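Rule-based calculations on the coordinates, nothing more; no lab input. Just so you know, these numbers come straight off a predicted model, no measurement behind them. Glycine also receives a Cβ, built like all others from the backbone with ideal geometry; neighbour counts cover every protein chain displayed.
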Amino acid sequence: MPNPKDVADFLGVTEKGLFVFDQTYRPIPLTQTFIGVTEPNAMKRVNQFNELAYDKCVGVLNKGKQAMVFVHSRKDTVKTARALAEMAGARGGVDLFGNVSGSSVDATKGYSTQVINESITEDTGLTDSTQTNALNTSGTNASHQTLVKKFQTEINQSKNPEVKELFAKGLGCHNAGMLRSDRGLVERAFAAGVIKVLVCTATLAWGVNLPAHLVVIKGTTLYDPTKGGFRDLGILDVQQIFGRAGRPGFDTSGQGVIICEHKKLAHYLVSISHPPHSASLIVHTRLTFIFTISGFVDAPNPDRVAVR
């Protein structure tokens, strides 16, 4: 909240009774990255958004972690997942993402048995022993493929062709337009580490307890049917989505990335990261400020960033 003093005055709270908790009180360190794209052409800008999201996902997949990419329409969950799969095929990242051939990446690395058990409690169809065994044996390619085959049996029973298509590529889509059974299946597959990257809408951030090491917000413009036009993603939604990364008991750190048009960058940077009662912003190991110009990414030292 950028104006806690104003809120306190409105509520009649004295200065002694006002307590402000900023990002430094977060129990799990969260690195926030803000990327502004200057490309004026809408189609080229979307392609840059996809490329940036792909690069961020590859970075955590190489470390054995998982990622969520948040988009703002049901249709875009599938389009973005397909775009990521196409880039993986073109750049030699099929084994990193995919489930067809054995992958050397343990997608559940860093997650405890408790995490898996808590994350797949709804519509699981799996016993506790099966969940535990799935996690404990996922360190080898053979056991991971066994887990993939188990979920493949359920995927084959789905009537959603997009779920089937993306599952073989190690990706998943999640939106309110899917059947509840399909959404539950995708959630369980992601929780078990079979799906490496989940592309979803913001509704998932407010609902199922399904964390990831990396969350990427791809774009900040969404259609509002109540207004009959487009609007910017709300700050509370951004904070809720970022809250999915590196949650206590699930991970030791997290990464939150927001990719938007450059003209909107300052709004989100100030609203999300600006400490109250301060004219300048100095964040240690928390914030990365990035500009993209014609596809070129230039990032300053993330250990210390000052914005005045």
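A cut-off of 5 Å between modelled amide H atoms, ignoring neighbours fewer than 5 places along the same chain, links I217 with F70, V257, I258, I259. Residues of region 54-91 with amide nitrogen under 18 Å from the 7 Å Cα-to-Cβ point of S271? Only 70-73 fall inside the zone, counting backbone N under 18 Å. Please identify every one of the trypsin sites (Lys or Arg not before Pro) in region 33-85 that sits in a loop by DSSP and has no more than 14 other beta carbons within 10 Å of its own beta carbon. When the trypsin sites (Lys or Arg not before Pro) of region 33-85 are filtered for loop state and at most 14 Cβ neighbours within 10 Å, K63 remain.
Each peptide in 152-162, 246-256, 11-21 gets a packing score, the mean of other Cβ atoms within 10 Å over its residues, and the list from highest to lowest is 246-256, 152-162, 11-21. Near G170, the amide H atoms lying under 5 Å from its own belong to N99; only residues 5 or more places off or on other chains count, and H is placed 1.01 Å from N.
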